[in-house]
């Protein structure tokens, strides 16, 4: 890996560590509107307490990204898991804009109340978590954020029961977007169930 440039390392990792879940994160801007941006350097880290980790780089000009800026000031965010029909809007929200521009407004996305959060959720997303920043680390220019999940919204359309009567989120109904390399994504396809050993 040390023989690769940073750009080559990024390209290699993003094309081989796949598919990656995408956190579509809504934060509050200073002006009172909402920033919205997708991140695929993101994943679950623990469930007691429920914590996810997010890695945020810097803009091409070296300035910090709005998501980090907003989280450092207010700590609250709403993390969405986007589905197939939201792919174009999710990708469009990754454009570099001036600080304070609302991607929610620019893209004409509807919002709804998010339980347990002063921020709204995107009305069309089937999964949303209210989250709060609890810790950070810096690794070179990567800002690593640890976010505790405080509330969950699940659309009725994705909720069922498993054979033991427990709540089951139906992956085919969720139809989440997975990030591959470059501008490539993967949508839900064949779903294989394999029983895990005790």
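Here the alpha carbons of segment 24-119 define both size measures, Rg and Dmax, at 13.3, 38 Å. Which shape class, rounded, prolate or oblate, goes with segment 97-159 when its Cα gyration tensor gives a ≥ b ≥ c as root eigenvalues, a/c under 1.5 marks rounded, and past that a/b bigger than b/c marks prolate? Oblate.
Taking segment 44-67 and a reference point 7 angstrom along Cα→Cβ of residue 186, the backbone N atoms nearer than 19 Å belong to 44. A Gaussian network model of the chain, with springs between Cα atoms under 10 Å, assigns the largest mean-square fluctuation among 25, 79, 17 to 17. When peptides 35-45, 142-152 are sorted by average Cβ neighbour count within 10 Å, with the highest value leading, the order is 35-45, 142-152.
So what are the chain's ellipsoid semi-axes, whole angstrom, largest first, if each one is the square root of 5 times an eigenvalue of the alpha-carbon gyration tensor?
The equivalent ellipsoid of the chain has semi-axes of 26, 22, 17 Å.
When the Cα atoms of segment 117-198 are enclosed in a convex hull and the volume is divided per residue, what value in Å³ results? Mind showing how you got there, number by number?
Details: hull volume 17.4 nm³, N = 82.
Output value, Cα hull per residue: 212 Å³.
Taking a ≥ b ≥ c as the square roots of the eigenvalues of the Cα gyration tensor, segment 75-124 is oblate, since a/c reaches 1.5 or more and a/b is not larger than b/c. Here the simple spin-label model places points 7 Å from the Cα toward Cβ, and for residue 18 and residue 61 these points are separated by 3.2 nm.
Throughout, read-outs are computed from the coordinates displayed, never taken from laboratory work. Bear in mind the structure is a predicted one, so any value in this text is a computation, not a measurement. So basically every Cβ, Gly included, is an ideal-geometry build from the backbone, and we count neighbours across all protein chains shown.
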